[in-house]
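The numbers here are math on the coordinates, done by the rules we state, and not lab data. The shown structure was predicted, so the numbers you read here are calculated from the model rather than taken from an experiment. Cβ sites come from the backbone with ideal geometry, for glycine too, and all protein chains shown count toward neighbours.
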Amino acid sequence: MRKKIVAGNWKMNTLPAEGVELAQGVVAKSAEVCDCVNFIVCPPFTHLAQVAEALKGSKVELGAQNCAAEAKGAYTGEVAASMIAALGCKYVILGHSERRQYYGETSETLNKKMEQAYANGLTPIYCVGENLDEREAGNHFAVCKAQIEEVVFNLTEEQFKNLVIAYEPVWAIGTGKTATAEQAQEIHAYIREVLAAKFGELAAECPILYGGSCKPSNAAEIFAKEDVDGGLIGGAALKAEDFIAIGKGFMA
């Protein structure tokens with residue numbers, strides 16, 4: 001049975017006090033959802049420690065939005081995987097479409113970041129997905145396949161057992177276009193096929209999250225699909241009520 005995961009990517013939102021309040025709200029309401037659903041919150045670096053304290057004793061886990069490609073050294077402004085692990089993070093988002101688009105992250109960089117994540121006991125949430133031009137050109141399968149082969153295929157079987165994939169239809173985020181539950185299932189099933197080519201039966205155990213404007217209103221329909229194991233949530237993760245309501249999509 002694959003893990004059911006609802007992960008909140010807060011992006012560059014919330015000040016420390018706001019983040020603590022949001023985390024407390026998620027903890028308080030998480031009791032309304034089946035224990036089979038794993039909630040993760042990923043605040044900005046600035047208040048990971050305070051949010052970690054707010055999550056203590058709860059079933060809600062902590063993740064970071066990124067980590068450095070190097071272990072330590074003269075890398076001004078970077079945050080090492082060891083640093084976020086020391087603050088209580090269990091997860092780290094890597095390869096998010098915004099990191100690829102705005103900061104030029106490449107597969108070469110992401111291989112180093114994956115290595116750092118595993119060296120420090122973190123579970124990567126590795127993001128893949130195509131933009132609008134790639135989708136309209138019919139290249140969405142090829143783009144996702146390349147992003148997996150160039151990074152995930154470099155993992156050992158033991159590392160792969162501790163990996164979460166998040167599919168981001170970049171073309172459906174903030175564009176007014178919407179991916180259907182059927183489109184989500186189609187690409188998730190394809191991603192699992194690609195993973196199986198390298199890791200065989202282990203691919204059936206890898207959680208694949210949907211990261212395209214998942215909301216309380218569409219979560220149940222999307223999560224009902226066979227190869228969709230949860231969501232990587234953006235805007236809706238900034239309200240505890242909405243975030244928890246998405247988790248309830250598994251119970252519908």
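In this structure, the amide hydrogen of LEU94, modeled 1.01 Å from its nitrogen in the peptide plane, lies closer than 5 angstrom to those of ILE125, TYR126, CYS127, counting only residues at least 5 positions away or on a different chain. Placing +1 on the Cβ of every Lys and Arg and -1 on the Cβ of every Asp and Glu, with nothing else charged, gives the stretch 4-251 a dipole about its Cα centre of roughly 520 debye.
In this structure, the residue pairs whose Cα-Cα separation is over 19 Å, taken from LYS59/LYS248; LYS4/LYS225; LYS113/LYS239; LYS113/LYS225; LYS113/LYS215; LYS11/LYS215, are LYS113/LYS239; LYS113/LYS225; LYS113/LYS215. Along its three principal directions, the equivalent ellipsoid of the stretch 4-251 from the Cα gyration tensor extends over semi-axes of 25, 23, 17 Å, largest first. Among the trypsin sites (Lys or Arg not before Pro) in the stretch 180-252, those placed in a DSSP loop whose Cβ has at most 15 other Cβ atoms within 10 Å are LYS239. With helices as the sole contributors, the chain gives -11000 deg cm²/dmol at 222 nm; each DSSP H run of n ≥ 4 counts as -39500 (n - 2.57), and the sum is divided by every residue.
Across the stretch 59-74, rounded Karplus estimates of 3J(HN,Hα) from the backbone phi angles (6.51 cos²θ - 1.76 cosθ + 1.60, θ = phi - 60°) give 8, 7, 9, 10, x, 10, 8, 5, 8, 6, 7, 10, 6, 5, x, 7 Hz, Gly and Pro being marked x. For the stretch 149-252, the set of GluC sites (Glu not before Pro) satisfying both a DSSP loop assignment and a count of at most 11 other C-beta atoms within 10 Å is given as GLU226. Extension gain, GLU149-ASN13: 0.36 nm per intervening residue step, less the Cα-Cα distance, totals 45.7 nm. Here is the list for the stretch 1-87: chymotrypsin sites (Phe, Trp or Tyr not before Pro) lying in DSSP coil, each with at most 15 other C-beta atoms within 10 angstrom of its C-beta, are TYR75. Listed by chain and number, the aspartates and glutamates whose alpha-carbon sits under 15 Å from that of LYS3, ignoring those within fewer than 8 places in the same chain, are ASP35, GLU61, GLU205, GLU226, ASP227, ASP229. Note on LYS72 and ALA137: the extension gain reaches 19.3 nm, defined as 0.36 nm multiplied by sequence separation minus the Cα-Cα distance.
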